[in-house]
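J.: Submitted below is the structure of interest, expressed as structure tokens.
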Amino acid sequence: MNTKEIMECADEHLIHVYNRYKIVLDHGDGVYLYDKDGREYLDFGAGIAVFAFGYNNKEFNDAIKAQVDKLIHTSNLFYNEPAAEAAKALAEIAGMDKVFFTNSGTEAIEGAVKVAKKYGYLKTGHDDNEIIAFSHSFHGRSMGALSVTGNKSYQIPFGPLIPDIKFANYNDLDSVKELVTDKTCAIILETVQGEGGIYPADKEFLTGLRKLCDENDMLLILDEIQCGLGRTGTMYAYEQYGVIPDVVSTAKALGQGLPVGAFLTRGKANDVLVPGDHGSTYGGNPLAGAAVIKTLEMFKTHDILNHVNETAPYLEKKLEELVEKHDIVTGRRGKGFMQGITVTVPPSKIINKAIENGLIVFSAGHDVVRFVPPLVITKEDIDEMYIRLDKALSEVE
Ligand SMILES: *Cc1c(COP(=O)(O)O)cnc(C)c1O
């Protein structure tokens, strides 16, 4: 099929829940993607914060291929070595105790919510416990995750959702305290809000939430699906706050494009779920396990955190230059390689122009252009991004 035929076929047969950009991506190499007609795109989206090491990485691909030839899947009724090894490595880097592997981010949230609900149930003997979540949050599209997502437009047509979810204001500790009752079993938030517009948590806010959870015997659940795995300069963003959650959700970069996520528990959250409480046919199958093992190993062998910390200030500087230069760009915020610029025109206008100029970026919230590039981007890649985005912004103006 040619480009036009592929788009027509997709539009005819795929349920229309995405307004897709009009290109057909065909293959990738390093930090560049190529469409069906051979056009090249510098990728500052990484498949939404997934491809930490870039596309067509031989080291990663070889590890996956070796596991494909050995054993792709077996049921969770048996043990398998990749899952065991992957869980050990993941728990270690996250500073957590135990892992449940899922197939996506939203499933990691489902699991975390179930841990919270059961924790409340064990504590009170009632199933009417409450969870506090936040405005502008994003935790996924399945019903449980949607219930804790602070975005009415995603929620409204799908009610009734899980009851007794209360929404506080992000970075406003008092707004949380007001909502705590003796039925509150957990607080859930992103350490750095992603889809909602790239808002990092303030240090006092997060340490305050940790304290609040300890004082009231509630679980602190941190969603690090987007901001985790090196993106902000530490393996998990909460390390920078001196806060350790009771439950963590992780996904996106975890499998480098293989569908794998996880929720992790620590301390009092460890033994809440027992046999019969939860499960997944695919979750943590040998192929997913091999992807996780290789990904985590590559973080170490490629010294990627050092690279992020060395290079991210340069990305910030170049984005600040765009704020100075263009009237339609009003500010920058973010951490590490999770950055956003606020803009006064619809972000999709800028993104379409960027794509015309061979640059892929995404939006976040209603007024943010988001940058979540592969973690291996260099200063030269950032210079190239600047040239293409600068041109796109001028064309929009
Ligand atoms: C992407 C994302 C999710 C959902 O993950 P999926 O794999 O798309 O289900 C949940 N939380 C955050 C913070 C995310 O960025």
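J.: Right, G111: open to solvent by less than 20 Å² (accessible area, probe 1.4 Å), in contact with a helix residue (DSSP H, G or I) (Cβ under 6 Å, 6 or more places away or on another chain) and modelled with pLDDT of 95 or more or not? Break it down into steps so the answer makes sense when it comes.
T.: On the way: open to solvent by less than 20 Å² (accessible area, probe 1.4 Å): yes; in contact with a helix residue (DSSP H, G or I) (Cβ under 6 Å, 6 or more places away or on another chain): no; modelled with pLDDT of 95 or more: yes.
It is false that G111 is open to solvent by less than 20 Å² (accessible area, probe 1.4 Å), in contact with a helix residue (DSSP H, G or I) (Cβ under 6 Å, 6 or more places away or on another chain) and modelled with pLDDT of 95 or more.
J.: Which of the numbered conditions does A201 fail, given that it passes all the others? Conditions: (1) closer than 30 Å to F78 by Cα; (2) within 16 Å of the ligand (Cβ to nearest atom).
T.: (1) is the only condition that A201 fails.
J.: Right, L273: assigned to a loop (DSSP other than H, G, I, E, B), closer than 25 Å to G334 by Cα and of a type outside the set (S, T, N, Q) or not? Break it down into steps so the answer makes sense when it comes.
T.: Details: assigned to a loop (DSSP other than H, G, I, E, B): yes; closer than 25 Å to G334 by Cα: no; of a type outside the set (S, T, N, Q): yes.
Criteria not met by L273.
J.: Can you pull out the residues in the stretch 23-42 that are out of contact with any strand residue (DSSP E or B) (no Cβ under 7 Å at 6 or more places or on another chain) and either open to solvent by 80 Å² or more (accessible area, probe 1.4 Å) or among the basic types (K, R) (or both)?
T.: D37, R39
J.: Right, another one. Taking E320 as meeting all but one of (1) in contact with a strand residue (DSSP E or B) (Cβ under 8 Å, 6 or more places away or on another chain); (2) surrounded by 19 or more Cβ atoms within 10 Å (Cβ to Cβ), write down the number of the exception.
T.: Of the numbered conditions (1) in contact with a strand residue (DSSP E or B) (Cβ under 8 Å, 6 or more places away or on another chain); (2) surrounded by 19 or more Cβ atoms within 10 Å (Cβ to Cβ), the odd one out for E320 is (2).
J.: Please verify whether the stretch 43-52 includes one or more residues that are touching a residue at least 60 places away in the same chain (Cβ under 8 Å), of a type in the set (D, E, K, R) and open to solvent by less than 10 Å² (accessible area, probe 1.4 Å). Break it down into steps so the answer makes sense when it comes.
T.: The initial filter retains those residues of the stretch 43-52 that are touching a residue at least 60 places away in the same chain (Cβ under 8 Å), namely 43-52.
From what is left, the residues that are of a type in the set (D, E, K, R) are 43.
Next, only the ones that are open to solvent by less than 10 Å² (accessible area, probe 1.4 Å) stay: 43.
Yes, the stretch 43-52 contains at least one residue that is touching a residue at least 60 places away in the same chain (Cβ under 8 Å), of a type in the set (D, E, K, R) and open to solvent by less than 10 Å² (accessible area, probe 1.4 Å).
J.: Separate question: Being among the basic types (K, R) and out of contact with any helix residue (DSSP H, G or I) (no Cβ under 7 Å at 6 or more places or on another chain) is the filter here; which residues of the stretch 138-156 pass it?
T.: Selection gives K152 alone.
J.: Follow-up question, since we're still on this one. Of everything in the stretch 135-149 that's under 15 Å from N169 (Cβ atoms) and open to solvent by 10 Å² or more (accessible area, probe 1.4 Å), which residue is farthest from the ligand (Cβ to nearest atom)?
T.: If we take residues in the stretch 135-149 being under 15 Å from N169 (Cβ atoms) and open to solvent by 10 Å² or more (accessible area, probe 1.4 Å), then S135 is farthest from the ligand (Cβ to nearest atom).
J.: Oh, and also: Provide a single number: the residues in the stretch 13-22 that are within 24 Å of the chain's Cα centre (by Cα) and surrounded by 10 or more Cβ atoms within 10 Å (Cβ to Cβ).
T.: Residues that pass the stated criteria total 2.
J.: Next question. If a residue has to be in contact (Cβ under 8 Å) with a residue 24 or more places away in the chain and in a loop (DSSP other than H, G, I, E, B) to count, how many in the stretch 79-98 make the cut?
T.: Residues in the stretch 79-98 being in contact (Cβ under 8 Å) with a residue 24 or more places away in the chain and in a loop (DSSP other than H, G, I, E, B): 4 in total.
J.: Does I132 satisfy the condition of being modelled with pLDDT of 95 or more, under 27 Å from D172 (Cβ atoms) and within 16 Å of the ligand (Cβ to nearest atom)?
T.: It is false that I132 is modelled with pLDDT of 95 or more, under 27 Å from D172 (Cβ atoms) and within 16 Å of the ligand (Cβ to nearest atom).
J.: Next question, about the same structure. Do the conditions hold for S175, that is, is it at pLDDT below 95, more than 12 Å from the ligand (Cβ to nearest atom) and surrounded by fewer than 19 Cβ atoms within 10 Å (Cβ to Cβ)?
T.: no
J.: Given N61, N76, which one is out of contact with any Lys or Arg (no Cβ under 7 Å at 6 or more places or on another chain), assigned to a loop (DSSP other than H, G, I, E, B), surrounded by fewer than 21 Cβ atoms within 10 Å (Cβ to Cβ) and of a type in the set (S, T, N, Q)?
T.: Details: N61 fails: assigned to a loop (DSSP other than H, G, I, E, B).
One residue alone meets the criteria, N76.
J.: Can I ask one more? Only one of I221, I188, I225 is touching a Lys or Arg at 6+ places or on another chain (Cβ under 6 Å), at pLDDT 95 or above, within 16 Å of the ligand (Cβ to nearest atom) and of a type in the set (V, I, T); which?
T.: Working: I221 fails: touching a Lys or Arg at 6+ places or on another chain (Cβ under 6 Å); I188 fails: touching a Lys or Arg at 6+ places or on another chain (Cβ under 6 Å).
Only one candidate passes the filter, namely I225.
J.: Additional query: Would you confirm whether or not the stretch 332-352 contains a residue that is at positive phi and either touching a residue at least 40 places away in the same chain (Cβ under 8 Å) or surrounded by fewer than 23 Cβ atoms within 10 Å (Cβ to Cβ) (or both)?
T.: yes
The values are calculated or read from the model by the stated rules, or taken from the named source; none is laboratory data. On a predicted model such as this, the values are computed, not experimentally measured, just so you know. Positions of Cβ are backbone-derived with ideal geometry, glycine not excepted, and every protein chain shown enters the neighbour counts. Just the protein is used for accessible areas: all its heavy atoms, side chains included, with ligands, DNA and RNA removed. Shrake-Rupley method; radii C 1.70, N 1.55, O 1.52, S 1.80 Å.
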